[in-house]
1. As an exercise: evaluate Gly135 against (1) touching a helix residue (DSSP H, G or I) at 6+ places or on another chain (Cβ under 8 Å); (2) among the small types (Gly, Ala, Ser); (3) under 30 Å from Leu92 (Cα atoms) and give the number of the one condition it does not meet.
2. Inspect all residues belonging to segment 176-184 and state whether any of them is farther than 30 Å from Val224 by Cβ and either in contact with a Gly (Cβ under 7 Å, 6 or more places away or on another chain) or in a helix (DSSP H, G or I) (or both).
3. Working carefully through the options Arg62, Arg31, Arg57, Arg37, find the one that is at pLDDT 80 or above, in a helix (DSSP H, G or I), among the basic types (Lys, Arg) and surrounded by 10 or more Cβ atoms within 10 Å (Cβ to Cβ).
4. Checking Ala77 against (1) free of Cβ contacts under 8 Å to residues at least 40 places away in the same chain; (2) under 22 Å from Arg160 (Cα atoms); (3) more than 21 Å from the chain's Cα centre (by Cα): exactly one of these is not met. Which one?
5. Out of the residues in segment 66-91 meeting the condition of being closer than 19 Å to Gly119 by Cβ and of a type in the set (Phe, Trp, Tyr), tell me which one is modelled with the lowest pLDDT.
Amino acid sequence: MDRDAPPRDSRPTGPGAVSGSDAEHGGPDPRAVARQRKQAEREARSARRTRRRFARRQWARRWLSLRYVLALLLVLALLATGVHLVFFSTRLQVQRVEVVGNTLLSDGRVREVADVPLGEQLALVDLARARARVGALAEVESVDVTRTWPDSVRIAVVERTAVAVVELAGRIRGLDADGVVFRDYRAVPKGIPRVRPGSTAGGDALREAATVVSALPADLVTRVDHVEVATIDQITLVMRDRREVLWGSAEDSELKALVVDKLLAAQKAPYYDVSVPGNPTYRTTP
């Protein structure tokens, strides 16, 4: 052997050659293979997550648009249902007219005047018309007409209260605090004074007399036999014991009532004058 010849490479070459590392371990490194596999799996999971996120974003955008459409359809459906119920359903038709607060007027009379048609859709009932018709009755001071769902109309009446009576054309009529003549009596009720208008006294004089009577305290009213009304500013109370009180007009009636009550108790006389309440007088001759 030639000692000067270069040493030969002992590693095999050629197609079937194996690297030194692989040759040393007898094949591919299992750890490297495992790392590659895990890396591939991570990339696959990341790709799947990316696809899912993209799908969710796409669905969210579609749902946002669809949500408004569904909301609009729901509103339209509710409106259509409401319109049908209110204007066409037999469940919301007038089945009953309730009348409350009335004693002078019968329920039938109020219903007749109100003229609320049974079977009409409750939402279409003309409440203002019914209110005006009932309010035009002389016995009614005020009235409120309301819908009571699902199928009733309620008429709440406040009737007038007589503070005095007046005889007109041979009939005894009730007179309320506003001077409105509104009802008939067969006889003068106990405890209610009569108003006797003079030949020249008109509606204004009756209203003044009603204001005077309504200002009197209850215990004084029962002592008044009648009220003579010559004119609007010449009103006289005639007591049951025949004493007379010149009242004048209805102005300052509350103050005059206080003065009269004290004057009648303090002075015994047939004639009194409180037309000027700050300077009341009395006398023994007409």
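1. (1)
2. The first filter runs over segment 176-184 and keeps only residues farther than 30 Å from Val224 by Cβ, leaving none.
Checked segment 176-184: no residue is farther than 30 Å from Val224 by Cβ and either in contact with a Gly (Cβ under 7 Å, 6 or more places away or on another chain) or in a helix (DSSP H, G or I) (or both).
3. Arg37
4. (2)
5. Among those residues, the one meeting the criterion is Phe88.
The values are calculated or read from the model by the stated rules, or taken from the named source; none is laboratory data. Computed from a prediction, not measured in an experiment: that's the story for all the values here. Please note: Cβ atoms are built from the backbone with ideal geometry, for glycine as well, and neighbour counts cover all protein chains shown.
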